[in-house]
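Please read through the structure below; I'll follow up with questions.
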Amino acid sequence: MKIDRIRNIGIAAHIDAGKTTLTERILFYTGRIHRMGEVHDGQATMDWMDQEKERGITITAAATYCQWRDHHINIIDTPGHVDFTVEVKRSLRVLDGLVVVFCGVGGVEPQSETVWHLADEFAVPRVAFVNKMDRVGASMERVVEEMREKLGVIPLPLQIPMGAEDAFVGVVDLLEMKALVWDRDPQGVEYSVDKVPPEFEGQAQEAREALLETLADVDDAVAELYLEGEEIPLDLLRGAIRKATLRGDVVPVFCGSALRNKGVQPLLDGVVDFLPSPLDVPPVEGVNPRTGEKEVRRPDPGEPMAALVFKVLVQGGRKVVYFRVYSGVIQEGKRILNATRDRKERMGQIFRLHANRHEKVEAMGPGEIGAVVGLRWARTGDTLCDEKHPIVLEEIQFPQPVISMAVEPASPSEMERLEEALTMLEDEDPTFRHHKNQETEEMIISGMGELHLEVLTERLRRHHNLQFRTGRPQVEFRETITRAVEVQEWMDRVMGEEEKALHICGGVKLRLVPLERGKGLEIVDLVPEKPQVAKDREIREVIAQAIRDAATSGVKAGYPVTDVRVEILDYRFEPGKSTPQAYAIVTSMAMRKGLEKAGSVLLEPIMELEVLVPGESVGDVMGDLGARGARIEGVRDRGHVQVIRALVPMKEMFGYTTTLRSLTKGRGSYTMKFHSFDSF
């Protein structure tokens with residue numbers, strides 16, 4: 001496969017913006033499927049899980065591929081609900097480009113912003129598709145302006161819509177100044193390309209002029225011709241847009257209605273023309289685990305093999321490992337190294353992905369996305385590589401759970417099966433955790449939200465045939481400190497009987513300093529060099545690890561400690577007596593003493609809330625939010641509704657859906673995403 005003809009793209013957006021419907025149309029128009037299924041009928045190709053069909057939402061990122069204009073396009077359709085943002089994050093880690101879908105009515109919604117900022121984090125070039133242009137209140141102009149204001153980008157509309165709402169029939173292509181009209185074929189396969197109708201000429205000329213002005217600001221070749229008033233060749237325009245998109249200077253914007261089969265083919269052309277191939281992105285960097293040196297891997301079949309695991313799934317009792325190849329060739333039956341875990345394995349059967357259906361291949365090269373069965377040790381974020389050329393690529397960092405609840409099996413004999421099933425789910429989902437409460441013997445599961453835990457417990461019932469009871473969801477707190485303190489701990493004693501006596505001798509001095517919210521745990525080693533200590537480096541590592549271990553359980557209520565910098569000021573060493581194990585013990589004691597002296601306090605998860613309500617209900621809704629302790633950030637108009645933005649403690653939001661329906665006679669809706677851990 002020619003690497004310059006590969007496109008690895010994701011489809012991402014806020015929930016209900018039409019991502020999966022758009023993906024279904026892409027698969028149909030590229031000939032990948034022969035009948036379009038609908039999300040609302042539970043027939044969409046990419047929503048293959050039972051719960052996705054029933055709920056009408058995407059829960060897990062699904063991968064597929066298709067061909068368009070002699071290009072191979074790998075597509076990952078991602079969830080839009082905030083509880084499943086992890087699926088977007090791990091997909092973006094292995095993608096080269098992104099199609100962000102905006103609802104023509106809703107515009108830039110909260111999860112749209114989250115997805116956008118994740119794409120910024122991974123420096124992924126993107127194009128935008130304004131969907132649902134046939135809906136009442138749809139406005140491409142308003143969505144473009146919201147992109148500019150909320151996302152801080154330069155949108156570059158390459159089309160304008162022809163008609164509005166029910167009268168939406170097609171688009172004007174501003175590059176070729178042609179009208180693309182979908183009025184002949186109900187399935188949208190055939191469409192006409194004509195001159196721009198007179199009623200749209202003025203608007204189209206004005207929009208094209210704005211397009212050229214924007215391009216002239218970011219491309220010297222376009223600027224030169226534009227200022228001289230000369231005609232700019234189409235190839236030069238497309239090349240300039242491509243370069244500016246890859247640099248992140250502009251975001252090409254398309255529009256259409258996926259459900260009504262309008263506007264999808266030009267978007268596919270935009271994916272091919274403007275989004276990067278694996279050759280257009282910087283070579284992936286990693287660390288050689290043997291030397292500690294940085295190394296790069298280029299998308300070249302001749303380079304040593306390197307691939308990243310971005311998802312693990314159990315299907316039909318088999319563990320399926322999703323990966324992206326960055327360099328070299330990955331082959332069935334070949335021995336490889338899991339460099340992250342320092343484990344050697346043999347590659348099993350390799351597949352191309354098409355939702356939950358797999359197509360067997362013998363090998364995959366640079367830039368390709370696939371799956372393999374038979375890997376025992378692989379987890380999300382692991383690096384698979386050539387045994388002789390080890391490399392560890394940057395791992396994926398995942399957010400910590402914010403909500404938990406107790407799970408009790410129907411009978412004690414089921415506890416072992418429950419633990420096995422929970423461990424399996426934890427392997428699949430990096431944002432899911434489980435542990436047993438040592439005091440109550442309850443099994444506690446933790447996740448990103450109510451829906452997240454609801455979906456996972458339903459999977460336990462259906463796929464693992466388990467019967468159990470669940471407790472009321474509880475929020476996950478964190479602990480932090482309110483003031484800086486210095487502590488030191490020294491121990492020199494013999495513990496245990498003579499034959500099994502353990503001599504503990506060591507001392508450590510720490511300073512604990514509070515940090516800004518969201519900074520996490522920082523460990524700084526300020527100990528002067530001690531060349532006279534043979535195990536100096538080992539002792540420092542033991543102390544640092546002991547700090548990390550102690551921070552997993554605070555002194556206030558046993559919650560993880562965050563937003564604290566721990567400075568290792570010194571350690572005391574007695575020749576012939578001090579051991580590394582002793583430092584682990586005294587460091588743990590010093591941490592507990594420090595947290596107590598520093599005024600440890602609890603932090604709770606604070607959510608960013610956006611509520612859409614009819615104008616007559618604004619007062620009632622704001623009054624209810626005030627009673628929940630919300631901090632109102634602003635209220636603004638959006639067409640026929642008012643948008644209330646607020647920060648609110650998560651513990652106050654359980655059951656809010658029912659309350660909002662009651663206050664707005666069923667016309668209100670809301671979205672919520674995690675903002676920070678804070679005292680509110």
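P(r) for region 602-678: what percent of alpha-carbon pairs falls in each 5 Å bin, starting at zero?
Histogramming region 602-678 at 5 Å steps yields 3, 17, 30, 26, 15, 6, 2, 0, 0 percent.
Now, a different point. Only bridges whose two residues both fall in the chain count here: according to DSSP, what percent of them are antiparallel, nearest 5? The partial results should precede the final answer.
On the way: 118 of 147 bridges.
Beta bridges within the chain, antiparallel portion: roughly 80 percent.
Specify the inter-centroid distance of region 225-286 and region 139-167, based on alpha-carbon positions, in whole Å.
Rounded to whole Å, the Cα centres lie 16 Å apart.
Continuing with this model, one more query. Using alpha-carbon pairs under 8 Å, 6+ residues apart, how would you state the relative contact order of the chain in percent?
Details: 1499 pairs, mean separation 63.7, N = 680.
It rounds to 9 percent for the chain.
Going down the table (2/360; 519/556; 294/577; 311/673), which pairs top 31 Å between alpha carbons?
On the way: 2/360 20 Å; 519/556 20 Å; 294/577 38 Å; 311/673 23 Å.
Those over the limit are 294/577.
Counting helices only, and only those DSSP H runs with n ≥ 4, report the 222 nm mean residue ellipticity of the chain as the sum of -39,500 (n - 2.57) divided by its residues, in deg cm²/dmol to the nearest 500.
Working: 15 runs with 183 residues, N = 680.
Taking each H run of at least 4 residues, the total per residue is -8500 deg cm²/dmol.
Now, a different point. Output the antiparallel fraction of DSSP beta bridges having both residues in region 1-99, as a percent to the nearest 5. Mind dumping the intermediate values first?
Values: 7 of 16 bridges.
Approximately 45 percent, going by the DSSP bridge assignments.
Between residue 642 and residues 5 or more places away or on another chain, which pairs have amide H atoms under 5 Å apart, with H built 1.01 Å from N, and which residues are they?
613, 615
Then there's this: Kindly put 347, 591 in sequence by how many other C-beta atoms sit within 10 Å of each C-beta, fewest to most.
Working: 347 21, 591 27.
Fewest-to-most ranking of 347, 591: 347, 591.
Just to check, using Stokes-Einstein with a Kirkwood Rh over alpha carbon pairs, what's the diffusion coefficient of region 479-599 at 25 °C and 0.890 mPa s in µm²/s? If you can, show how the numbers build up before the last one.
Details: Rh = 14.7 Å.
Translational diffusion coefficient: 167 µm²/s.
Could you work out the per residue convex hull volume over the alpha carbons of region 1-109, in cubic angstrom? Display every interim value, and only then the final one.
Details: hull volume 11.8 nm³, N = 109.
For region 1-109, the hull spanned by Cα atoms encloses 108 Å³ per residue.
Placing unit charges on C-beta atoms (Lys and Arg positive, Asp and Glu negative, everything else neutral), compute the dipole magnitude of region 403-476 about its Cα centre in debye, rounded to 20. Before the final figure, lay out the partial values.
Working: 8 positive and 16 negative charges, 51 e Å.
For this selection, approximately 240 debye.
Using the Kyte-Doolittle scale, which helices in the chain average at least -1.0 and also have C-alpha atoms spread 18 Å or more along the helix axis, with helices defined as whole DSSP H runs? Please list the in-between numbers first.
Working: long enough: 198-218 (31 Å, -0.46); 234-247 (20 Å, 0.09); 415-428 (20 Å, -0.66); 450-463 (19 Å, -0.84); 536-550 (21 Å, -0.53); 580-597 (26 Å, -0.13).
Helices meeting the span and hydropathy rule in the chain are 198-218, 234-247, 415-428, 450-463, 536-550, 580-597.
Every number here is computed from the coordinates shown, using simple stated rules; none is lab data. Quantities reported herein were computed from a predicted structural model and do not represent experimental measurements. Positions of Cβ are backbone-derived with ideal geometry, glycine not excepted, and every protein chain shown enters the neighbour counts.
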